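Asks: Let me begin by handing over the structure; questions about it come next.
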Amino acid sequence: MLFRSNYWHWLFKGSGGRSGLRRLFDRWLLLHVAVGVGLATLVQKPLAECANSVLLPLAGAIIGLSFAWAGNAQALLQTSEIEDVADKHQGGLVEYAYVYQTAILLILIALVGWTVAGLSVFDSFWPTPARTHCYFAARASLFGLSSLALRECWHVVLGAQWMLLVRREIRRSKGDQEKRKQ
């Protein structure tokens, strides 16, 4: 039973109908690929320079925002109202909790990728001025992954806001039911 509630099992197999990875591989993935290829084509700076000047500092803000909202979501997930909603959802509370964990995982993977780029690993590995197709693929992958991580960061905020609003509506509904009983 413990294995079935394991994050990695959920990510690859799912617990409520579809795997966690399928949530990432949706129609929006094409947008993230387009952003990655577009930025890899347009931005002519070496990856190390991109990482050090813009993306690593921005990552700090994204991580702070996501962890703050994930903490808010964690508190909301423990309320009786959200537990009631989760009980009616296929996969239950696990689905909600692991979606947040996936967002944090993606942000951390993007941060590690840009850290490697900031250490000039890619620029040293493919030092030719013309740059190889592999270097372009690495650039496009990092920019695309950043786009995906940004989307998931936004989903953390949206999910927490959704739970906050749902909790309020449930409480309001319960209050209306109590008034009708009197």
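The values are calculated or read from the model by the stated rules, or taken from the named source; none is laboratory data. Owing to the predicted nature of the structure, the values given are computational and were not obtained by experimental measurement. Please note: Cβ atoms are built from the backbone with ideal geometry, for glycine as well, and neighbour counts cover all protein chains shown. With ligands, DNA and RNA removed, areas are computed over all heavy atoms of the protein, side chains included. Shrake-Rupley method; radii C 1.70, N 1.55, O 1.52, S 1.80 Å.
Asks: If only one of SER80, SER53, SER66 is polar (S, T, N, Q) and at pLDDT below 75, which one is it?
Replies: Just a single option satisfies the conditions, and that option is SER66.
Asks: Counting only residues that are outside any helix (DSSP H, G or I) and without any contact (Cβ under 8 Å) to a residue 12 or more places away in the chain, which one in the stretch 44-58 is least open to solvent (accessible area, probe 1.4 Å)? Working first, answer last.
Replies: Let us first name the residues in the stretch 44-58 that are outside any helix (DSSP H, G or I), namely 44-46.
Applying the additional criterion that residues be without any contact (Cβ under 8 Å) to a residue 12 or more places away in the chain yields 44-45.
Details: GLN44: 148, LYS45: 90 Å².
Taking the candidates together, the pick is LYS45.
Asks: So, in the stretch 12-26, exactly how many residues are touching a residue at least 40 places away in the same chain (Cβ under 8 Å) and part of a helix (DSSP H, G or I)?
Replies: Of the residues in that region, 3 qualify.
Asks: What tally of residues in the stretch 10-43 results from selecting those that are within 20 Å of THR132 (Cα to Cα) and open to solvent by 70 Å² or more (accessible area, probe 1.4 Å)? Steps first, please.
Replies: So the first thing to find is which residues in the stretch 10-43 are within 20 Å of THR132 (Cα to Cα), and the list is 33-43.
Within this subset, residues satisfying the condition of being open to solvent by 70 Å² or more (accessible area, probe 1.4 Å) are 33, 41-42.
So the answer is 3.
Asks: Name the residues in the stretch 30-53 that are in contact with a helix residue (DSSP H, G or I) (Cβ under 6 Å, 6 or more places away or on another chain) and more than 19 Å from PHE122 (Cα to Cα), would you?
Replies: Across the stretch 30-53, the qualifying residues are HIS32, VAL33, VAL35.
Asks: Any chance the stretch 164-176 includes a residue that's open to solvent by 70 Å² or more (accessible area, probe 1.4 Å), in contact with a Phe, Trp or Tyr (Cβ under 9 Å, 6 or more places away or on another chain) and either more than 28 Å from TYR7 (Cα to Cα) or free of Cβ contacts under 8 Å to residues at least 12 places away in the same chain (or both)?
Replies: No, the stretch 164-176 contains no residue that is open to solvent by 70 Å² or more (accessible area, probe 1.4 Å), in contact with a Phe, Trp or Tyr (Cβ under 9 Å, 6 or more places away or on another chain) and either more than 28 Å from TYR7 (Cα to Cα) or free of Cβ contacts under 8 Å to residues at least 12 places away in the same chain (or both).
Asks: Now for a different question. Within the stretch 59-81, restricting attention to residues that are more than 14 Å from the chain's Cα centre (by Cα) and hydroxyl-bearing (Ser, Thr, Tyr), which residue is least open to solvent (accessible area, probe 1.4 Å)?
Replies: THR79
Asks: Here are some conditions: (1) in contact with a Cys (Cβ under 8 Å, 6 or more places away or on another chain); (2) open to solvent by 30 Å² or more (accessible area, probe 1.4 Å); (3) of a type outside the set (Asp, Glu). SER141 meets all but one. Which one does it not meet?
Replies: (1)
Asks: Restricting attention to the stretch 84-108, which residues are under 19 Å from VAL157 (Cα atoms), more than 10 Å from the chain's Cα centre (by Cα) and open to solvent by 20 Å² or more (accessible area, probe 1.4 Å)? Break it down stepwise before answering.
Replies: So in the stretch 84-108, the residues under 19 Å from VAL157 (Cα atoms) come out as 85-86, 93-108.
Among the residues that remain, those that are also more than 10 Å from the chain's Cα centre (by Cα) are: 85-86, 93-98.
Of everything in the stretch 84-108, those that are under 19 Å from VAL157 (Cα atoms), more than 10 Å from the chain's Cα centre (by Cα) and open to solvent by 20 Å² or more (accessible area, probe 1.4 Å) turn out to be VAL85, LEU93, VAL94, TYR96, ALA97, TYR98.
Asks: Go through the residues of the stretch 27-41 one by one and say whether even a single one is outside any helix (DSSP H, G or I) and modelled with pLDDT of 85 or more.
Replies: yes
Asks: Note down all Cβ pairs under 9 Å where the first residue falls in the stretch 82-93 and is more than 17 Å from ALA160 (Cα to Cα), the second is in a helix (DSSP H, G or I) and open to solvent by less than 40 Å² (accessible area, probe 1.4 Å), and they're at least six residues apart or on different chains.
Replies: Final answer for the pair search is GLY91/TRP10; GLY91/TYR98.
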